[in-house]
Amino acid sequence: MYIYQTMSSNFGYLDIILLAMIAGFIVLRLRSILGRKTGHEDKVYTDFVDKKFGQFKNPEETNLKKSPTEFNANDKKKFLKGAEIAYETILASFSKGDKESLKNLLTEKMQANFSSAIEDRNSKKIKSELTFIGIKSSAIQKFEKTTEALFFTVKFVSEIISVKRDKDNKILEGDPNKIKTVIDHWKFTRKISSLSPNWYLAEIKNS
């Protein structure tokens with residue numbers, strides 16, 4: 001009985017050793033087939049929404065996506081909102097003679113025209129006063145696309161109080177107590193090759 005128990009115990013140990021050897025062999029085979037992690041594997045990112053993943057994209061591709069050449073209704077709505085802000089800013093800056101603020105909103109040609117008008121006004125010691133009441137309406141009248149640039153023509157209907165005075169504060173033009181309605185057609189442009197989404201005033205037409 002003792003010998004039988006001893007032999008059974010030895011067979012149990014042999015079984016465990018045999019199973020361990022088989023398991024070791026399988027692990028080695030898997031490593032040879034699949035390889036092992038070295039710390040240099042490509043990282044896989046999951047569950048990234050496009051907005052978050054944008055930080056990993058080429059900066060040029062991201063900017064180009066922000067500067068489309070085709071516009072849907074939502075794009076046009078956003079453009080109009082920006083155009084309204086630009087319209088008020090340009091009118092106020094011109095009235096104050098603020099060339100620095102105008103510089104980032106106008107094309108080079110328009111910068112020269114505005115600067116010339118401001119300098120002429122200053123040389124004659126004419127003071128310009130403007131109270132911007134608000135924009136009654138704005139609408140895109142025309143969209144143009146050339147090989148080099150994009151153009152949006154916008155019709156603005158606004159209300160302002162505008163007065164011009166001489167060096168003695170005498171009113172030369174306008175009425176400080178009268179609100180007048182102004183209708184403007186402004187053409188904004190942006191170069192297609194530009195990575196900047198900014199638009200610049202290129203032309204003004206009053207009616």
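In table form, for the structure just shown:
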| read-out | value |
| --- | --- |
| Condition met for residue 204 (within 12 Å of residue 87 (Cβ to Cβ), touching a helix residue (DSSP H, G or I) at 6+ places or on another chain (Cβ under 9 Å) and surrounded by fewer than 16 Cβ atoms within 10 Å (Cβ to Cβ)) | yes |
| Strands (runs of 3 or more DSSP E) lying entirely in region 129-207 (those with 1 or more residues that are closer than 22 Å to residue 105 by Cβ) | 149-165, 180-191, 200-206 |
| Of residues in region 133-162 being loosely packed, with under 12 Cβ neighbours inside 10 Å and under 13 Å from residue 87 (Cα atoms), the one nearest to the chain's Cα centre (by Cα) | 139 |
| Residues of region 114-132 that turn out to be surrounded by fewer than 14 Cβ atoms within 10 Å (Cβ to Cβ), closer than 26 Å to residue 200 by Cβ and not hydroxyl-bearing (Ser, Thr, Tyr), as a count | 4 |
| Residues of region 88-106 satisfying the condition of being touching an Asp or Glu at 6+ places or on another chain (Cβ under 9 Å) and surrounded by 19 or more Cβ atoms within 10 Å (Cβ to Cβ) | 93, 95 |
| Unique residue being at pLDDT 95 or above and part of a helix (DSSP H, G or I) when the list is 119, 61 | 119 |
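Yes/no matrix, rows are residues, columns are (1) over 23 Å from residue 170 (Cβ atoms); (2) touching a Phe, Trp or Tyr at 6+ places or on another chain (Cβ under 9 Å):
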residue	(1), (2)
88	yes, yes
96	no, no
113	yes, no
124	no, no
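The values are calculated or read from the model by the stated rules, or taken from the named source; none is laboratory data. Keep in mind that this is a model prediction, so the values were computed, not measured. A quick note on method: Cβ atoms are made from the backbone with ideal geometry, for glycine too, and the neighbour counts reach across all protein chains shown.
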